[in-house]
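For reference, the structure discussed in these notes is given below.
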Amino acid sequence: MAAVQETVDRVREIDVDQYRYGFVTDIESDKAPKGLSEDIVRFISAKKNEPDWMLQWRLEAYRRWLTMDEPVWARVNYPKIDFQDLYYYSAPKPKKTIGSLDEIDPDILETYKKLGIPLREVEMLEGVVRPEGERRIAVDAVFDSVSVATTFQKELKQAGVIFMPISEAIREHPELVRKYLGTVVPTTDNYYATLNSAVFPDSSFVYVPPGVKCPMELSTYFRINERNTGQFERTLIIADKGAYVSYLEGCTAPQRDENQLHAAVVELITHDDAEIKYWTVQNWYPGNCEGKGGIYNFVTKRGDCRGDRS
């Protein structure tokens, strides 16, 4: 018990007011009505312009979730989550397609800067500036429920690599998504994974074809901004035979008095002689020393080595 008390005392000494990512971006949002129902699941699917098979996949997960019990954790005490008091979809409006710095919403661009990415680096990420010999990282920036920018897609496509929001992959590469989605973390896996399967709005999809080494590192940055909004990203990464990819995930959120929910699912799949290097930096606001505020982070992340030497 002495060790437990020592840990508690150390946590109380942390100056959470110095959490430098706790700002809020003042931007108008397009949101679904608050609460969760079959209508909300249909709303999300319609917003993403999904085919019927994806809608049915979601609805099956939602109906199963209704039959499940929320887990009770040992030695953890926190206010019960009111799943009907959350927004399951929130997107900044108007949403612009980013092709150059001039087309980035100024508030979103300012968010990049406040998160510690200097303007010159943003320019490099967007392909505006490419210093000779400087390492480039392709970035998918997810803001609440939508991807607001995915960089270097054309260059990656030339190498045969697919890197795009999963909402786009569902429409443009349905054969790959249907083949792999839910095969590592099925919709029946656990309470939060089932919820995620019903309501996930966006995240990243990566496919590296046989024998291809991804020519640059990939990264997705998840930012929760809107109050009372849950984030439910679904990441799916496949490295086919002999392929290689390195992927980094980062996450931050505003500093609020209220708790917010993050319930992600990540599925990693490698075939013969393939390799995925996956890192995640869960830099959420932890709440204050009295337990007020912070992110409930209930995630399911799993890799499946499906081939020899993978």
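Restricting attention to segment 142-191, and to residues there that are in a strand (DSSP E or B) and under 23 Å from Y244 (Cβ atoms), which single residue is farthest from the chain's Cα centre (by Cα)?
I162
Sort out which residues of segment 230-254 are of a type in the set (S, T, Y) and crowded, with 22+ Cβ neighbours inside 10 Å, and write them in order of number.
Of everything in segment 230-254, those that are of a type in the set (S, T, Y) and crowded, with 22+ Cβ neighbours inside 10 Å turn out to be T235, Y247, T252.
Tell me whether segment 269-286 contains one or more residues that are touching a helix residue (DSSP H, G or I) at 6+ places or on another chain (Cβ under 9 Å), part of a loop (DSSP other than H, G, I, E, B) and at positive phi.
no
When you scan segment 45-76, how many residues do you find that are among the hydrophobic types (A, V, I, L, M, F, W, C), touching a residue at least 40 places away in the same chain (Cβ under 8 Å) and out of contact with any Ser or Thr (no Cβ under 8 Å at 6 or more places or on another chain)?
Looking only at that region, the number is 2.
In this structure, does R130 turn out to be basic (K, R), modelled with pLDDT under 90 and crowded, with 16+ Cβ neighbours inside 10 Å?
Taking the combined requirement at face value, the residue does not satisfy it.
Looking only at segment 1-44, count how many residues are at pLDDT below 90, of a type in the set (A, V, I, L, M) and not in a helix (DSSP H, G or I).
The total comes to 4.
Only one of V281, V245, V266, V299 is touching a Cys at 6+ places or on another chain (Cβ under 6 Å), touching a residue at least 12 places away in the same chain (Cβ under 8 Å) and hydrophobic (A, V, I, L, M, F, W, C); which?
None of the other options fit; the residue is V245.
Is there a residue being without any contact (Cβ under 8 Å) to a residue 40 or more places away in the chain and under 18 Å from the mean Cα position of the chain (by Cα) anywhere in segment 288-295?
Yes, segment 288-295 contains at least one residue that is without any contact (Cβ under 8 Å) to a residue 40 or more places away in the chain and under 18 Å from the mean Cα position of the chain (by Cα).
Select from segment 45-58 the residues that are within 21 Å of the chain's Cα centre (by Cα) and assigned to a helix (DSSP H, G or I) and list them in ascending order.
S45, A46, K47, M54, L55, W57, R58
Report yes if D304 is over 25 Å from W57 (Cβ atoms), modelled with pLDDT of 90 or more and not small (G, A, S), otherwise no.
So D304 does not fit the description; no.
Just checking: which of the strands (runs of 3 or more DSSP E) contained wholly in segment 203-265 hold 2 or more residues that are in contact with a helix residue (DSSP H, G or I) (Cβ under 7 Å, 6 or more places away or on another chain) and under 19 Å from A141 (Cα atoms)?
In segment 203-265, 204-208, 234-239 are the strands (runs of 3 or more DSSP E) which contain 2 or more residues that are in contact with a helix residue (DSSP H, G or I) (Cβ under 7 Å, 6 or more places away or on another chain) and under 19 Å from A141 (Cα atoms).
Just a yes or no: is a residue in segment 89-106 of a type in the set (A, V, I, L, M), assigned to a helix (DSSP H, G or I), more than 22 Å from the chain's Cα centre (by Cα) and modelled with pLDDT under 95?
Yes.
T194 passes all but one of (1) assigned to a strand (DSSP E or B); (2) touching a helix residue (DSSP H, G or I) at 6+ places or on another chain (Cβ under 9 Å); (3) buried (at least 24 other Cβ atoms within 10 Å of the Cβ); which number fails?
That leaves (1) as the condition not met.
For segment 197-217, name all the residues that are at pLDDT 95 or above, surrounded by fewer than 24 Cβ atoms within 10 Å (Cβ to Cβ) and hydrophobic (A, V, I, L, M, F, W, C).
Listed by number, the residues that qualify are V212, C214.
The values are calculated or read from the model by the stated rules, or taken from the named source; none is laboratory data. If you're wondering where the values come from, they're calculated on a predicted model, not measured in any experiment. Heads up, the Cβs are rebuilt from the backbone with ideal geometry, glycines too, and the neighbour counts pull from every protein chain shown.
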